[in-house]
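Chemist: Please find one structure pasted underneath; my questions will follow.
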Amino acid sequence: MPDWPDFMDLASIGLSGPHLESALRVALILAMAWALLLFSRRLIRLFKRFALRKSAGAEDQRRVETLARVFRHFASILITIVAGMLVLAELGISIAPILGAAGVLGIALGFGAQSLVKDFFNGFMILLENQIRQGDVVQVGGRAGFVEEVTLRYVRLRSFEGNVHFVPTGMIDAVTNMTLEFSYALLDIGVAYREDVDEVFAVIRETAAAMREDPVFAPKILEDMEIAGVENWAESAVMIRCRMKCVPLEQWNVRREFLRRLKAAFKAAGIEIPYPHLTIYPGRAKDGSAPALRIAKAEDDAAPR
């Protein structure tokens, strides 16, 4: 039978006395760090559920989702750094020189990391002021798309073509949010010069009113059609500008459906949707008379008969 005391002699593997206590304390630190990570995530989830119940609408819900994600990342980084410092101290590695070296290194790298610091500061201000949230459609840094993720470091956008853009927050000097609180479906409608503008207005209003009664599109449209009036005299058309107030993210769907319906309404009312054309003036004398316009086809004598 084997001699169990020899096999279980902790001193033979260097875990007796202070070493065993140090190993147990390291294990305890790691266990507490793991427990704090779980607790912080659970606490953030509870806060998220509470905030979602108190939210007034989709706008507040997107803001809560964004802030919860940022808080979760921040808590994970903070707990990991503190646990690592405690483990190093427990292993006998002095933290003071590391902190001092980190300070000197931070000063040395500070000049090279100015853009990184700017990214984090701008990202914090963007989240604090609620400029961008996950689920918005924005234009930042010369890129536009659907916001998939917002962090202190960058904003991740996905364009309509499926391209993913990572825009550093330090490069964002202006934010164009297309889905904040509400949106407008803007339309520039062209009709022929011969059409009665008031009749065109009536057809546009009737089409918009019928669309608001549709159970599919009624929840997406917030107000009646607003007709600004004649916007421009184009080469072949009179341009009429109008807009419809919509819930966020629905302005493009509403615009496409309205144009589809308006085309059918114009066809039923006999309103011409113009296309480029050319009007030829043969000239006019001072007395008002004009020469007859004759279009003749030259005969080709060489053509076979």
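Every number here is computed from the coordinates shown, using simple stated rules; none is lab data. Predicted, not measured: the structure shown is a model, and the values here were computed from it. All Cβ positions, glycine included, derive from the backbone under ideal geometry; neighbour counts span all protein chains shown.
Chemist: Just want the ordering: V150, V230, V247, from fewest to most Cβ atoms lying within 10 Å of their own Cβ.
Modeler: Ordered by Cβ neighbours within 10 Å, fewest first: V230, V247, V150.
Chemist: Same structure, new question: Name the long-range amide H neighbours of H165: under 5 Å, sequence gap of 5 or more, or other chain; modelled H, no Pro or chain starts.
Modeler: Amide H neighbours of H165: L157, R158, S159.
Chemist: Given a Förster radius of 25 Å and the C-beta distance between R261 and V230 as r, what FRET efficiency does 1/(1 + (r/R0)^6) yield to the nearest 0.05?
Modeler: The value I calculate is 0.70.
Chemist: Past the 32 Å Cα-Cα mark, which pairs from K54/K263; K118/K220; K245/K267?
Modeler: Among K54/K263; K118/K220; K245/K267, the Cα-Cα distance tops 32 Å for K54/K263; K118/K220.
Chemist: If we count other beta carbons within 10 Å of each Cβ, what is the order of K245, K220, K267, fewest first?
Modeler: Final ranking by Cβ density, sparse to dense: K267, K245, K220.
Chemist: Sum up the charges of everything whose Cβ sits under 14 Å from the Cβ of P274, counting Lys and Arg as +1 and Asp and Glu as -1, but leave P274 out.
Modeler: Taking every Cβ under 14 Å from that of P274, the sum is -1.
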